[in-house]
Amino acid sequence: MERDNPSVAQRRIFSLLAILILSSSLALEAATDPPSTPKGISPEKVADYVHAIVEADRNVYTTHIVKRMQDQGVVMAREDWEGKNAIPLPAQFLHYSSKIVAESGSGIRFRLISLWPIYLRNGPATEFERKALEQLNANPNVPQRGIVATGKKQFFQAVYADKGISSSCITCHNAHPLSPKRDFKMGDVMGAVVITIPLED
Amino acid sequence: MKVPKAPKPSEKRKKGLTRKLVLSMLLVGALPLLIGLLLAFFQGTQEIREVSGTSFEALATETARKLDLVIADELSRTALLTINANLIHLLENRRDALSEIRQETLTPLLQQESEAWQSKDLDFLSTIAEGPIVEELQRHVRGTYIDLGYPVPVITRSTTRSLYITDRAGRLVASLDAKAPYLHAEEDWWKSAFHNGVGQPYIGPIQFDPQHQTYTFTLALPIMDSLRYEAVGVLRRIYDAKEFFAPSIDIIRFGETGHVMLIDSRGVVLSCPILPTGTAVSDHTLIPLVTPMYPGWTPAPSDGHGGQKTSIIGFAPLSNANRITQSSNGLSWHMFVWQSSEELFGPIQHFFKWTAAFGLLGVGLLVTLGYLAAHRIAAPIRRLQEAARRIGRGEFQEPILLSTGDEIEELAEEVNRMNQQLASQFAGLESQVELKTQEVKYLQESTTQILDSVPDPVVMIGPQEQIEYLNQASKEALVLKNGNVEGTPLFQLLQLDPPTQAKLRQEIHLVQSGVLTAPPAATPDQLIKKLHDPLSPVSWEHSGGDRRELQLNQRTYRYRWFAIPAPPGKEPGVGLVLRDITEESLLQDQLIQGEKLVSLGVLSAGIGHELNNPLVGVIGLGEAIQEEADPEHIKEYARGIVQHGKRMASVVRDFTGQVGKQFSEAQTLVNINEQLERTLTAVQSVFQSSPVEVRTRFAPLPPLPARPFELGQAFTNVITNAFQAMKDGGTLEIATTVLEQEIHITIRDTGKGIEPNHLPKVFDPFFTTKGQGEGSGLGLTVAHRIITKLGGQIRLDSKKNHGTVCLIILPITSNKHMEHKES
């Protein structure tokens, strides 16, 4: 019986997620649909829009769901939430939504990276990403943009600073045994959201 | 004070108290011990179960965590291969090349390459099985690979059976194994790991690999492009399941049977020190119990290893690995910790056995000591019981001397006291019983004497008609020589004809059933009557409306039955009283005969009187004829003589008719009023000289069956008395009336009456107050006899000088009844 509660909570969260992601992908489709905009829309703008939605979704999840639930003692967010009476961490929320977006096949991808990742796979994949992170660390408010390539494929990438907005983010990263940095404070840049948009030939 | 009827139950009871005491000691001592032992056993078992369960759960959880880490480690080290920049560059190029090939040409191309690989084309083989990337793979597998992230050389296990890399079309790009197939795009592991370019790790189910002749499982990882934007290839690594898991699992053993094993959610064993990899657990019902997605322990009906005993099983899922396996193929992996029940509960069962053995010893001691103690308690009680039994039998004995110093001693004193009191009371009772017995004897004797002194025979018979008692009179009547006839059947003694026997039997039966009873006690009237006429056995005649007489030894007996009340539980007997009426009836017959002669005298006097007048007339007329010459006158006188002669002839004719009737009269229906009238006329003619005024008042009456002459005789006697009492004149009143089925005849005179002291004697024979020649003293006696013979009554009431009233009551009975009576 106890195990039903988290699953109900999880289902609710996921249905909320689904709505959020649907709305964001609708926005993306609108933004990437060239025939509807004869003048064209720059990838920078598209990345900004997408980032705004992703950021908003994750913030809503963090402050209005996770924090509220934990404060009221309803359910805790933890990394091994599956099979436990728990819900995913905000970072995991972003990973899952990122995966769903990728699986949708629309081409646009986003992921969370950091210079101090708990898991190495979340480190910068390219030199561009490393530099962007360093830049954002120094100047969080200026997103880093650029054109990158893999083989013959070209992509537009925009990297937005990701700050610790909730005490749970800070405490978790400072306490996790695999975390390479343990002195985060509220408002610190903890990583970045990378948005990758394929460029047409 | 019960005296046991048979000795057996008392023998049984003899040991009862001792047994009870021993039993209660056993109950008090052994039952709590037993219950405590059982409770301790069950509690101990429960606790062992609890403790083992939680330990097993902890062990399962720990092992699951460890294995999770092993898998995660394997995953991350294998993942190092997928971030090889050269490999990624190669695969990116392949991707770009593929994007330039059209779909129509791609399929034949793939087919061509596959054939080349299968035919072991050396050139083609070398592009895949050789080169820097293959070398890299080899180094990795051999354990000589050093990565910046891993400061020490990785000691790779020799568990890898195959390792190869495909590009985004599923073609083999690099392989350590020349036997690997070329195209993989249609295989589950490939599709799952490639995941439409998104890429996700894959861990496959355990299955038998025909190529390697062992159970294997697949780990497949996507190879992402340099931007980690999309998958450009897939790496597959095939592990020997047993070899991969055994080092982490099979080494964990505790006790004789305790071990850890890894199963998947289908119940297939991945690794177990006992069961071979690839087999299924023996009991399928166990699977849902031990494969939830959380750790725990459960008491299960079997052990999964073929045993059917209740087992304690600890379990835990491999939570991290399951995240991958579940998204890959829906299966999950679980740790399973088990130890055999025998071993688990062995110590407590051992303990229980020993405790039970010692407990039995204790019980034995308890029984022995208890028996001794009970015997000490029971022995004085048994002495008391013996004493009480003897007191009960009436054998008073010496006082019991007990010195137990407890309640039993007090009880003994009480018994002694009771004994004394009973002794004194019994003495009084005995003398009383003796007295009563004597009284009963006396009563018996006096009753016998009374009955023997009764002149009438009295016979008492039992329910089966057997004689129970005969009094002296009956013995004499029946002419019995030997006195002892008790038990003889009644009808053997009474020699009777069969119809009479049948009648008597019927009457006995009626008396026994209470229908026929003795007559009611005589009323004062009847008593007076008895005094008036001792010869008249009124009560006998009225007893049942039926005359009971029987002939026995040439004598006539009148008899009467009476019921003898029986003691409780016995059938009532019947008594028979006989009265010899032989002389009585002879006397009565003589009386009637005598009276008839008397009345003949009266009749003769009447006839004389009747004849005298005409005779005087005849004589006078004869004398006149002698002196008369005139023939006319003579003729006239002669006519007178003839007339007188005729009259005399008629008188004589009447007389002869009367006398003839007297002796041969049969019963006919008689009109009482007419008979009275006739009698009155006859008597009046005798008492012509008396100046008596006669008044008659007759009511209409039914005819009665009777002998008219007899009835006339009774009336004549009463009316004659009335006329004789009124010699100086008076009034005679004769009235008839019907009252309640009876005819009442009142004859009242105003004569001189009867002296009060004479009144009781008027019906006695030969009692008379009349002068010599006037009366025989039998008139009223005969009248009484006749009336009572008809079932009627006759009473006289008189006051000196005021006259006499005679009341005759005749019952109106049916003709039939009367005839029967006469017969």
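The values are calculated or read from the model by the stated rules, or taken from the named source; none is laboratory data. Remember, predicted model here, so these are calculated numbers, not experimental data. Virtual Cβ from ideal backbone geometry, glycine too; neighbours counted across all protein chains shown.
In the set (1) within 14 Å of chain A (Cβ to nearest Cβ); (2) of a type in the set (A, V, I, L, M); (3) surrounded by fewer than 23 Cβ atoms within 10 Å (Cβ to Cβ), the condition left unmet by B:ILE223 is number (3). Residues that are of a type in the set (A, V, I, L, M) and free of Cβ contacts under 8 Å to residues at least 40 places away in the same chain were ranked within the stretch B:84-107; the one that is nearest to B:ILE252 (Cα to Cα) is B:ALA97.
Would you point out which residue out of B:ILE786, B:ILE743, B:ILE719 is aliphatic (A, V, I, L, M), modelled with pLDDT of 85 or more and crowded, with 22+ Cβ neighbours inside 10 Å? Selected residue: B:ILE719, the only one of B:ILE786, B:ILE743, B:ILE719 that is aliphatic (A, V, I, L, M), modelled with pLDDT of 85 or more and crowded, with 22+ Cβ neighbours inside 10 Å. Mind listing just one residue for me: the one in the stretch A:119-157 that is within 13 Å of another protein chain (Cβ to nearest Cβ), aliphatic (A, V, I, L, M) and crowded, with 17+ Cβ neighbours inside 10 Å and, of those, farthest from B:ASN84 (Cα to Cα)? Among residues in the stretch A:119-157 that are within 13 Å of another protein chain (Cβ to nearest Cβ), aliphatic (A, V, I, L, M) and crowded, with 17+ Cβ neighbours inside 10 Å, the one farthest from B:ASN84 (Cα to Cα) is A:ALA132. Restricted to the stretch A:158-201, and to residues there that are within 14 Å of chain B (Cβ to nearest Cβ) and of a type outside the set (A, V, I, L, M), the residue that is farthest from A:HIS51 (Cα to Cα) is A:PRO177.
Out of B:PHE351, B:PHE358, I need the residue that is in contact with a helix residue (DSSP H, G or I) (Cβ under 8 Å, 6 or more places away or on another chain) and more than 19 Å from B:ALA58 (Cα to Cα). Which one?
On the way: B:PHE358 fails: in contact with a helix residue (DSSP H, G or I) (Cβ under 8 Å, 6 or more places away or on another chain).
The unique qualifying residue is B:PHE351.
So in the stretch A:55-96, with the set limited to residues that are among the hydroxyl-bearing types (Ser, Thr, Tyr) and under 30 Å from B:PRO317 (Cα atoms), which one is surrounded by the most Cβ atoms within 10 Å (Cβ to Cβ)? Residue satisfying both the conditions and the ranking: A:TYR61. What is the number of the single condition among (1) over 28 Å from B:THR45 (Cα atoms); (2) crowded, with 22+ Cβ neighbours inside 10 Å that B:VAL290 does not meet? For B:VAL290, the exception is condition (1).
Restricting the first residue to the stretch B:187-207 and requiring it to be away from chain A (no Cβ under 14 Å) and closer than 27 Å to B:ALA280 by Cα, which pairs with a second residue that is of a type in the set (Ser, Thr, Tyr) and assigned to a helix (DSSP H, G or I) meet a Cβ separation below 7 Å and a spacing of at least six or different chains? Hits for this filter: B:TYR202/B:SER192; B:TYR202/B:SER328; B:ILE203/B:THR325; B:ILE203/B:SER328; B:GLY204/B:SER328. Here is the figure for the stretch B:616-629: residues that are modelled with pLDDT under 85 and more than 23 Å from B:ARG647 (Cα to Cα) total 2. Set side by side, the residues A:ILE41, A:ILE65 differ, and just one is of a type in the set (Val, Ile, Thr), farther than 26 Å from A:ASN141 by Cβ and either out of contact with any Asp or Glu (no Cβ under 9 Å at 6 or more places or on another chain) or modelled with pLDDT under 90 (or both), which is A:ILE65.
In this structure, does A:ALA52 turn out to be of a type in the set (Gly, Ala, Ser), closer than 20 Å to A:GLN157 by Cα and buried (at least 21 other Cβ atoms within 10 Å of the Cβ)? No.
Select from the stretch B:226-268 the residues that are in contact (Cβ under 8 Å) with a residue 12 or more places away in the chain and either polar (S, T, N, Q) or within 14 Å of another protein chain (Cβ to nearest Cβ) (or both) and list them in ascending order. Hits for the stretch B:226-268 are B:SER226, B:GLU230, B:ALA231, B:VAL232, B:GLY233, B:SER248, B:THR257, B:SER265. Here B:GLU583 clears all of (1) modelled with pLDDT under 80; (2) exposed (fewer than 11 other Cβ atoms within 10 Å of the Cβ) except the condition numbered (1).
Yes or no, residue by residue, for (1) touching a Ser or Thr at 6+ places or on another chain (Cβ under 9 Å); (2) within 14 Å of chain A (Cβ to nearest Cβ):
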site: B:PRO301; (1), (2): yes, no
site: B:PHE315; (1), (2): yes, yes
site: B:ILE324; (1), (2): no, yes
site: B:HIS334; (1), (2): yes, yes
site: B:HIS350; (1), (2): no, no
site: B:TRP354; (1), (2): no, no
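For the stretch A:100-117, the tally of residues that are more than 9 Å from chain B (Cβ to nearest Cβ) and acidic (Asp, Glu) stands at 0.
At least 3 residues being more than 16 Å from the chain's Cα centre (by Cα) and under 28 Å from B:ASN93 (Cβ atoms) is the threshold, and among the strands (runs of 3 or more DSSP E) wholly inside the stretch A:90-201 those reaching it are A:144-150, A:153-163.
Applying the condition of being touching a strand residue (DSSP E or B) at 6+ places or on another chain (Cβ under 8 Å), within 14 Å of chain A (Cβ to nearest Cβ) and hydrophobic (A, V, I, L, M, F, W, C) to the stretch B:84-137 and asking which residue is surrounded by the fewest Cβ atoms within 10 Å (Cβ to Cβ) yields B:LEU98. Here the strands (runs of 3 or more DSSP E) wholly within the stretch B:704-793 that include at least 1 residues being assigned by TED's automatic domain parsing to the domain that holds B:PRO811 and farther than 21 Å from B:ASN673 by Cα are B:730-739. The set of residues in the stretch B:19-61 being of a type in the set (Gly, Ala, Ser) and touching a residue at least 40 places away in the same chain (Cβ under 8 Å) consists of B:GLY29, B:ALA30, B:ALA40, B:GLY44, B:SER52, B:GLY53, B:SER55, B:ALA58, B:ALA60.
In this structure, does B:ARG253 turn out to be among the basic types (Lys, Arg), in contact with a strand residue (DSSP E or B) (Cβ under 6 Å, 6 or more places away or on another chain) and at pLDDT below 95? Spell out the reasoning first.
Details: among the basic types (Lys, Arg): yes; in contact with a strand residue (DSSP E or B) (Cβ under 6 Å, 6 or more places away or on another chain): yes; at pLDDT below 95: yes.
Criteria met by B:ARG253.
If you go through the stretch B:319-334 and keep only what is in contact with a helix residue (DSSP H, G or I) (Cβ under 6 Å, 6 or more places away or on another chain) and of a type in the set (Ser, Thr, Tyr), you end up with B:SER328, B:SER332.
Please go through the stretch A:105-121 and pick out each residue that is without any contact (Cβ under 8 Å) to a residue 12 or more places away in the chain and touching a Ser or Thr at 6+ places or on another chain (Cβ under 8 Å). Spell out how you get there, then give the answer.
Residues of the stretch A:105-121 that are without any contact (Cβ under 8 Å) to a residue 12 or more places away in the chain, as a first pass: A:105, A:120-121.
Once the filter is applied, which keeps residues that are without any contact (Cβ under 8 Å) to a residue 12 or more places away in the chain and touching a Ser or Thr at 6+ places or on another chain (Cβ under 8 Å), the stretch A:105-121 yields only A:LEU120.
Is it true that some residue in the stretch B:474-486 is touching a residue at least 24 places away in the same chain (Cβ under 8 Å) and in a helix (DSSP H, G or I)? So that I can check it myself, show each step before the final result.
Residues of the stretch B:474-486 touching a residue at least 24 places away in the same chain (Cβ under 8 Å): B:474, B:477-479.
Filter again for in a helix (DSSP H, G or I), leaving B:474, B:477.
There is at least one residue in the stretch B:474-486 that is touching a residue at least 24 places away in the same chain (Cβ under 8 Å) and in a helix (DSSP H, G or I).
A count restricted to the stretch A:63-97 and to residues that are away from every other protein chain (no Cβ under 14 Å) and without any contact (Cβ under 8 Å) to a residue 60 or more places away in the chain stands at 7.
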